[in-house]
Amino acid sequence: MNMSFREKSIWISLISTLVVFGDYFFNIISLVGMPEELAKTIALELSIRALFLIISIEIIFQGLLAVSNHKAAKFGTDERDKLFEYRGNNIGYAVLVIGVFLTLGSIVVLEINPSLIEQFKVMKIPLFTAHVLLFSFIFSEVIRFSSQLYYYRSSH
């Protein structure tokens, strides 16, 4: 399987996003049932760790990719790369918009009926709305990367 420089770069971003934020959201969900102040402190620590990890991993692996493929890295993107990026961005944006509107809807529903929080344990995650928005963003990024990879694979 012969992959372009850009395709390899997308794979790095997809895998690092899935690993770092998969671990992040798994740990966030495990905070359900903890005392609120402790859960908020742990959530903040997890957020800082995830941010540090994603930046570090991307810098290291994208840097190694660029060094090992310095000619391709200098060349930049071609029309095909731009087309796949455009298509992937459109799909990722649509997913993000859906996530934002679902989040806004949940805010309205919870304002109207706050007792729902007591009925669903998962809603007791610290900073629930912020995490739902973050999940929407991360999910849209995964969809964007996956879409781009699909277009690369289907063009071969």
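The values are calculated or read from the model by the stated rules, or taken from the named source; none is laboratory data. Just so it is clear, the model here is predicted, and its values are computed rather than measured. Cβ sites come from the backbone with ideal geometry, for glycine too, and all protein chains shown count toward neighbours.
Assorted remarks:
- Taken over the stretch 30-56, residues that are out of contact with any Asp or Glu (no Cβ under 8 Å at 6 or more places or on another chain), touching a residue at least 24 places away in the same chain (Cβ under 8 Å) and either under 20 Å from Gly92 (Cβ atoms) or surrounded by fewer than 12 Cβ atoms within 10 Å (Cβ to Cβ) (or both) amount to 3.
- Total residues in the stretch 120-145, condition surrounded by 16 or more Cβ atoms within 10 Å (Cβ to Cβ), more than 11 Å from the chain's Cα centre (by Cα) and part of a helix (DSSP H, G or I): 3
- Count - residues of the stretch 95-119 that are surrounded by 13 or more Cβ atoms within 10 Å (Cβ to Cβ) and either touching an Asp or Glu at 6+ places or on another chain (Cβ under 8 Å) or farther than 16 Å from Val132 by Cβ (or both): 0
Conditions (1) of a type in the set (A, V, I, L, M); (2) within 17 Å of Leu134 (Cβ to Cβ); (3) at pLDDT 90 or above, marked per residue:
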site	(1), (2), (3)
Trp11	no, no, yes
Leu14	yes, no, yes
Phe26	no, yes, yes
Ala50	yes, yes, yes
Leu53	yes, yes, yes
Ser56	no, no, yes
Thr77	no, no, no
Lys82	no, no, yes
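- Beta carbons closer than 7 Å, at least 6 apart along the sequence or on distinct chains, pair a first residue in the stretch 90-110 that is within 28 Å of Gln148 (Cβ to Cβ) with a second that is of a type in the set (Val, Ile, Thr) and surrounded by 12 or more Cβ atoms within 10 Å (Cβ to Cβ) for Ile91/Ile143; Gly92/Ile143; Val95/Ile143; Thr103/Thr129; Thr103/Val132.
- Test: residue in the stretch 64-73 that is over 24 Å from Arg144 (Cα atoms) and either modelled with pLDDT of 95 or more or of a type in the set (D, E, K, R) (or both): yes
- Residue in the stretch 66-74 that is hydrophobic (A, V, I, L, M, F, W, C), within 30 Å of Leu127 (Cα to Cα) and either surrounded by 13 or more Cβ atoms within 10 Å (Cβ to Cβ) or in contact with a strand residue (DSSP E or B) (Cβ under 6 Å, 6 or more places away or on another chain) (or both) present: no
- Here Val132 fulfils each of the conditions (1) over 27 Å from Glu45 (Cα atoms); (2) modelled with pLDDT under 95; (3) in contact with a Leu (Cβ under 9 Å, 6 or more places away or on another chain) apart from (1).
- Taking the criterion of being of a type in the set (Asp, Glu) and farther than 24 Å from Ile138 by Cβ, the residues of the stretch 74-90 that qualify are Asp78, Glu79.
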